[in-house]
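Okay, structure first, notes after.
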């Protein structure tokens, strides 16, 4: 069988293009309009996407008022709540929610992901993040965000607690024997008695082991800490390569690191984000991109770049090349990718900022055949195992991809035409973790 | 118009009778079987129930192994996740989730309830609880549960933070003006800058003001602390009266307290829990109850009583009358109701324990007409504004009530035959809170 693309659809926020909501056909409230979200999720399922992906922020984005007032990110659903609702009106598509190890509680979060996995019959995924937004810290009783090393130390322990809780139940703990009246074999439901630096959790969880054993584990971020944690533990890695060269370099690095942890490199899938503009002709695709980009207000550019780089860019001369940047606590890997882009194309701060507002991710622009050619090259030359598709507007971005790109990928055998497994793990080709209680 | 009953259906756990899952027709996994839960929720909606109610525990129930292994409570969904899924496949019924002020985080919980309210188009409710189970404390880094006074002090501040966060958004904050590119009026989205004893939360929330302003606020518990908090802030109060006399006394007390807080007594609804056995004849109803009660294993009785009373009853002589009880940190109001029952009917510990396992709540047994007579008397003589109906098994308990009792109540005009409002507040007849930003 031909190697196939693993495809996720980025649905929270509903689009990443800063001006998506100004498109004439877009329902401007799509980020928290449930009927719209439901119909888009069902559309991605009909197109056989592997999963829906939802990001999260635990505060308003840190932007000056002139930019914040133009941003559709001010309102959206809690990702877990949104995916529970989607679970109820889809059957096969995976459901990946971002959950912060910096501010959530491990017992509650383990139970919510187990709930999503049971509600969806095995389609849940957890995108593990550490939260760097300084505004978020202020919503959780802290003066500043945890430093990078602490964030990852806490994340490691958080992940350990959550997986121990899931593993605290045997797959065979429930007897439900009406005759004897014995509901469960409580020898197969064990406390975890975790006592660590950040958490003290007795357990067990009061929900049965997830259908998938563990929900699929995803990680984004490209800092050293994130890469090591992903190489050790993640099933999916969301990347942000903006060229096939940086894509290949990230891909090779992550697969090697996974092998160094004794893992099968096929069991860690590398999925760069990709905003696709497709048209019946190349000119039409370019025109679509231009008309979207023209809707971005200039006030949004520099604040967007500040968020991508993790430094305040308003103090830089907008008409000079990007200066050397200080090392910051925030998104080190993301910063690296943007700096590489600026150097490669010799962009001024103003030009780079415009790119930042137009797309937070890599892009492909062209006919269905041209898009498929590029995706095929990325897949076949070791730059990715698939993509997280980012849509530029609603509903056009979704419709364009589903009606033009998906059929071309399917024709080439690069994408499935029907779901082959029942669970997200089965569809992506990932093993199911066993509980030590079942070994 | 005749005064009408406000009816909630208790769906988590799916039933409260200890042996519900042993009924020959019951799907024993109904507590975490999504297709079963979905069909029951839709059934209650077709019967025009006001709301679905979900309780919660943040640990396994504290029981000795012989009782725990017989309990179906070991596995169920997180209530918010379950109600999000139900929101997606119902249109009118209210969705009330228990959320603990002892172990949840106010920013995250405010956002999840706002999400549920938007997802359901104004049907969310929050049942505020403080968590007393000592096993739960151990899952959240504490050695013991907070003491009663501290729990309610924290609950008060938690509620203040959550409602300030909801009020931090004006109803008119979103402009979504495609022409000018202005998405929101950020003057109408305000930080709350809360700094208190337990929480420090800047805000604002990153989701728009709930459809209902605030989701409906519910409170259970009958301790002094719970009564005062409910009288001040709750729209719905779940009671546990086991006789019409204690029902009336609780009803009068709560209405008077609400008036003392300057509230309209019609805006605080008193809903005792009620497990109903109905048959075409009285004998049939009694036989149903007996056959359910006969399924309770004797090992479950004393542990159930211990949970109801908040004291270890295994040390009491089972064949003597219930001794004087020490004052405990747990469920003081609940304890009072059970002690009253024991004294009233002169029950031994063994007899009282059997009752505790059979039903945690008040009960009605009879023909549809007899049940309706009793409910009418409670409603018309100031003992309640409605009931939280507790079902004794699945699907029979649900089917019996919906096919036999509901039509009789509707015939008498004691229950609506179609939903009259769009939101839960509208259906129950509650005012919508304004944000100070809109005054």
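So, of the residues in segment A:373-385 that are more than 22 Å from the chain's Cα centre (by Cα) and either modelled with pLDDT under 95 or in a helix (DSSP H, G or I) (or both), which turns out to be surrounded by the most Cβ atoms within 10 Å (Cβ to Cβ)?
So, considering only residues that are more than 22 Å from the chain's Cα centre (by Cα) and either modelled with pLDDT under 95 or in a helix (DSSP H, G or I) (or both), the one surrounded by the most Cβ atoms within 10 Å (Cβ to Cβ) is A:373.
Hey, could you check segment A:125-137 for residues that are assigned to a loop (DSSP other than H, G, I, E, B) and more than 14 Å from every other protein chain (Cβ to nearest Cβ) and say which is nearest to the chain's Cα centre (by Cα)?
Just the residues of segment A:125-137 that are assigned to a loop (DSSP other than H, G, I, E, B), to begin with: A:130-133.
Next, from what is left, pick out any that are more than 14 Å from every other protein chain (Cβ to nearest Cβ): A:130, A:132.
On the way: A:130: 13, A:132: 16 Å.
If we take residues in segment A:125-137 being assigned to a loop (DSSP other than H, G, I, E, B) and more than 14 Å from every other protein chain (Cβ to nearest Cβ), then A:130 is nearest to the chain's Cα centre (by Cα).
Looking at the structure I just gave you, is residue B:166 assigned to a helix (DSSP H, G or I), buried (at least 20 other Cβ atoms within 10 Å of the Cβ), at pLDDT 95 or above and more than 9 Å from every other protein chain (Cβ to nearest Cβ)?
Values: assigned to a helix (DSSP H, G or I): yes; buried (at least 20 other Cβ atoms within 10 Å of the Cβ): yes; at pLDDT 95 or above: yes; more than 9 Å from every other protein chain (Cβ to nearest Cβ): yes.
For residue B:166, the condition - assigned to a helix (DSSP H, G or I), buried (at least 20 other Cβ atoms within 10 Å of the Cβ), at pLDDT 95 or above and more than 9 Å from every other protein chain (Cβ to nearest Cβ) - is met.
Can you tell me how many residues within segment B:144-159 are without any contact (Cβ under 8 Å) to a residue 40 or more places away in the chain and either within 11 Å of chain A (Cβ to nearest Cβ) or out of contact with any helix residue (DSSP H, G or I) (no Cβ under 9 Å at 6 or more places or on another chain) (or both)?
Of segment B:144-159, the ones without any contact (Cβ under 8 Å) to a residue 40 or more places away in the chain are B:144, B:150.
Those still in the list that are either within 11 Å of chain A (Cβ to nearest Cβ) or out of contact with any helix residue (DSSP H, G or I) (no Cβ under 9 Å at 6 or more places or on another chain) (or both) too: B:150.
Residues in segment B:144-159 being without any contact (Cβ under 8 Å) to a residue 40 or more places away in the chain and either within 11 Å of chain A (Cβ to nearest Cβ) or out of contact with any helix residue (DSSP H, G or I) (no Cβ under 9 Å at 6 or more places or on another chain) (or both): 1 in total.
What residue, of A:99, A:141, A:94, is within 13 Å of another protein chain (Cβ to nearest Cβ), in contact with a helix residue (DSSP H, G or I) (Cβ under 6 Å, 6 or more places away or on another chain) and more than 30 Å from residue B:292 (Cα to Cα)?
Details: A:141 fails: in contact with a helix residue (DSSP H, G or I) (Cβ under 6 Å, 6 or more places away or on another chain); A:94 fails: within 13 Å of another protein chain (Cβ to nearest Cβ).
Only one candidate passes the filter, namely A:99.
Kindly check whether there is at least one residue in segment A:16-35 that is part of a helix (DSSP H, G or I), more than 8 Å from chain B (Cβ to nearest Cβ) and farther than 27 Å from residue A:131 by Cβ.
Start the filter on segment A:16-35 by keeping residues that are part of a helix (DSSP H, G or I), which leaves A:20-22, A:30-32, A:34-35.
Then keep just the ones that are more than 8 Å from chain B (Cβ to nearest Cβ); that gives A:20, A:30-31, A:35.
Still in the running and farther than 27 Å from residue A:131 by Cβ: A:35.
Checking segment A:16-35: at least one residue is part of a helix (DSSP H, G or I), more than 8 Å from chain B (Cβ to nearest Cβ) and farther than 27 Å from residue A:131 by Cβ.
Would you mind telling me which numbered condition in (1) more than 10 Å from chain B (Cβ to nearest Cβ); (2) crowded, with 21+ Cβ neighbours inside 10 Å residue A:43 fails?
For residue A:43, the exception is condition (2).
What about residue B:17, is it more than 19 Å from the chain's Cα centre (by Cα) and more than 22 Å from residue B:215 (Cα to Cα)? If you could, list the steps in order and put the result at the bottom.
Working: more than 19 Å from the chain's Cα centre (by Cα): no; more than 22 Å from residue B:215 (Cα to Cα): yes.
Answer is no for this residue.
Condition check: part of a loop (DSSP other than H, G, I, E, B), within 16 Å of the chain's Cα centre (by Cα) and either over 25 Å from residue B:427 (Cβ atoms) or at the interface with chain A (Cβ under 7 Å from one of its Cβ atoms) (or both). Does residue B:80 satisfy that? Talk me through it step by step, then tell me what you get.
Working: part of a loop (DSSP other than H, G, I, E, B): no; within 16 Å of the chain's Cα centre (by Cα): yes; either over 25 Å from residue B:427 (Cβ atoms) or at the interface with chain A (Cβ under 7 Å from one of its Cβ atoms) (or both): yes.
The answer is no for residue B:80.
Give me a count of the residues in segment B:60-70 that are within 7 Å of another protein chain (Cβ to nearest Cβ) and surrounded by fewer than 22 Cβ atoms within 10 Å (Cβ to Cβ).
In the first step, residues of segment B:60-70 are kept if they are within 7 Å of another protein chain (Cβ to nearest Cβ); the result is B:60, B:65, B:68-70.
From what is left, the residues that are surrounded by fewer than 22 Cβ atoms within 10 Å (Cβ to Cβ) are B:65, B:68.
Going through segment B:60-70 one residue at a time, the tally reaches 2.
Being within 8 Å of another protein chain (Cβ to nearest Cβ) and assigned to a loop (DSSP other than H, G, I, E, B) is the filter; apply it to segment B:174-199 and report the residue that is farthest from residue A:295 (Cα to Cα).
Of segment B:174-199, the ones within 8 Å of another protein chain (Cβ to nearest Cβ) are B:174, B:176, B:178, B:181-186, B:189, B:199.
Add one more test, that the residue is assigned to a loop (DSSP other than H, G, I, E, B), and what stays is B:178, B:181, B:185, B:199.
Numbers: B:178: 9, B:181: 8, B:185: 19, B:199: 41 Å.
Here the residue is B:199.
Would you confirm whether any residue within segment A:310-317 is closer than 25 Å to residue A:65 by Cα and touching a strand residue (DSSP E or B) at 6+ places or on another chain (Cβ under 9 Å)? Before the answer, list the steps.
Here is the first cut: in segment A:310-317, the residues closer than 25 Å to residue A:65 by Cα are A:310-317.
Checking the rest, the ones that are also touching a strand residue (DSSP E or B) at 6+ places or on another chain (Cβ under 9 Å) come to A:317.
Among the residues of segment A:310-317, at least one is closer than 25 Å to residue A:65 by Cα and touching a strand residue (DSSP E or B) at 6+ places or on another chain (Cβ under 9 Å), which makes the answer yes.
Does any residue of segment A:106-124 turn out to be touching a helix residue (DSSP H, G or I) at 6+ places or on another chain (Cβ under 7 Å), more than 9 Å from chain B (Cβ to nearest Cβ) and part of a strand (DSSP E or B)?
Looking through segment A:106-124, at least one residue is touching a helix residue (DSSP H, G or I) at 6+ places or on another chain (Cβ under 7 Å), more than 9 Å from chain B (Cβ to nearest Cβ) and part of a strand (DSSP E or B).
I need the helices (runs of 4 or more DSSP H) fully contained in segment A:213-298, keeping only those with at least 1 residues that are under 27 Å from residue A:164 (Cα atoms) and over 20 Å from the mean Cα position of the chain (by Cα). Talk me through it step by step, then tell me what you get.
Working: elements: A:224-233, A:244-260, A:282-293.
Filter on segment A:213-298 gives A:244-260.
Which ones in segment A:1-15 are assigned to a loop (DSSP other than H, G, I, E, B) and within 17 Å of residue A:406 (Cα to Cα)?
A:2, A:3, A:4, A:5
The values are calculated or read from the model by the stated rules, or taken from the named source; none is laboratory data. Because the structure is a prediction, the values reported are computed rather than measured. Every residue, glycine among them, receives a Cβ derived from its backbone with ideal geometry; neighbour counts consider all protein chains shown.
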